[in-house]
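Worksheet for the structure shown next.
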Amino acid sequence: MPVAPDVPIPMRALLAGARRKQLALLDFLRQLVQAESPSDNKAAVDACVALAAAHAKALGGRVKLHRQRGFGNILEARFGPRSKAGPASRTLLLGHLDTVWPLGTLKTMPCHVADARLWGPGTFDMKAGVAIAFTALEMLAEAALLHREIVLLLNSEEEIGSPVSRPITERLAAECSAVYVLEPAQGLAYKTARKGTGNWRIAVQGVAAHAGVDFEKGASAIRELARIVETVSAWTDLKRGLTVSVGLVGGGSKTNVVPAEAWAEVDVRFARKADGARIERKFAALKPTDKRCALTVTGGINRPPMERTRGTVKLFRQARALAAELGFALEEAATGGASDGNFTSALGIPTLDGMGAVGEGAHAPHESIVLSQLPLRTALLAGLLAQPI
Ligand SMILES: [Zn+2]
């Protein structure tokens, strides 16, 4: 088994190295951003994945492409010595190359540097995180600090719920003792907890009638839906970190018709795993108040919560200690947004998230990253990857 040296991680040298590599990092990052990669465009997202695969090979990575039919390909690249000790000496680095931005977004959101930031679609979420990871791996290889096997997994459909990469992520995570997720930072903080997510659709079938002639023969689907909206919204419990938000509604045909149809789409976030199961049961048990109406309830939980487990806290403390050597007080944060880290954490594997770039505007026109923070983030990730766990 490769043994990590007893000498402390040379954090200051890593920071100096990351500064020297910043221009090369930016160059690679620009290439990734120029390769627009919406989750729903296989050809486009595949081209971006191919770019990353070529880069991984150039760095000596052992590359495997998980080819997909309906979605973009998924890149697995392994660095460092092959682990003979099983999960104990293997780490998973997790990210995605797809973005929420359609092809052509670069015309209105060009990739450019201004105000000490790099702007452009997918910079913050999360191509900068990917570029940081590659740079950290390159630095460690050059400094002979790669004592663990690092598995880099980059998928192409995270922004639409990771339908095909989830089993691959879970399988690889189970072979590792820690998972580092390259999603954007929260402020300057790493993320140690994320809420779970669920989506439901409720369709109400009522009885149509002339609103003037036959009013009493009608059963209003909209009125029934209004009651249901009140019911499910009341399941929100802010103290428990549980929110039920009806985000979309529709229904009816004409003002003079008692509506036969209405529907709602609901977003659910929950901090505790048990609440997810409870809410699922509640949706399944929904009943109409007006018995002439029928309900069709579809949907369910998409991602379990990433709970702040002991293992995750241990990883965070290691990160904080390394950051302190650079004179930086690293903080931790919890968020309502989910990532693929939710899957790995739910398997009980210590997962630290938000290790990518500092910036703002994920999924928004002002998406950008702060250039001055790149060396620190890169050095910190490199230091963690060099650590025995
Ligand atoms: Zn993301």
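The values are calculated or read from the model by the stated rules, or taken from the named source; none is laboratory data. Not measured: the values here are computed from a predicted model. Counting neighbours? That spans all protein chains shown, and the Cβs are built from the backbone with ideal geometry, glycine included.
Please enumerate the residues belonging to region 171-191 that are assigned to a loop (DSSP other than H, G, I, E, B) and away from the ligand (no atom under 15 Å from the Cβ).
Matches in region 171-191: 175, 176, 177, 187, 188.
When you scan region 196-212, do you find a residue that is within 16 Å of the ligand (Cβ to nearest atom), surrounded by fewer than 24 Cβ atoms within 10 Å (Cβ to Cβ) and not polar (S, T, N, Q), even just one?
no
Out of 94, 103, which single residue is part of a strand (DSSP E or B) and either modelled with pLDDT of 95 or more or within 16 Å of the ligand (Cβ to nearest atom) (or both)?
Every option except 94 fails the conditions.
Quick one: residue 377 ticks every box in (1) modelled with pLDDT of 95 or more; (2) more than 16 Å from the ligand (Cβ to nearest atom); (3) closer than 28 Å to residue 15 by Cα except a single one, so which number is it?
Residue 377 satisfies all of (1) modelled with pLDDT of 95 or more; (2) more than 16 Å from the ligand (Cβ to nearest atom); (3) closer than 28 Å to residue 15 by Cα except (2).
Looking at region 38-91, which of the residues that are part of a loop (DSSP other than H, G, I, E, B), within 18 Å of residue 133 (Cα to Cα) and small (Gly, Ala, Ser) is farthest from the ligand (Cβ to nearest atom)?
Only one residue tops the list, namely 60.
Here are some conditions: (1) of a type in the set (A, V, I, L, M); (2) more than 16 Å from the ligand (Cβ to nearest atom); (3) touching a residue at least 60 places away in the same chain (Cβ under 8 Å). Residue 362 meets all but one. Which one does it not meet?
The one condition residue 362 does not meet is (2).
Go through (1) within 16 Å of the ligand (Cβ to nearest atom); (2) over 23 Å from residue 388 (Cβ atoms); (3) in contact with a Phe, Trp or Tyr (Cβ under 7 Å, 6 or more places away or on another chain) for residue 299 and report which single condition fails.
(1)
When residues of region 142-169 are filtered for being more than 15 Å from the ligand (Cβ to nearest atom) and among the charged types (D, E, K, R), how many remain?
3
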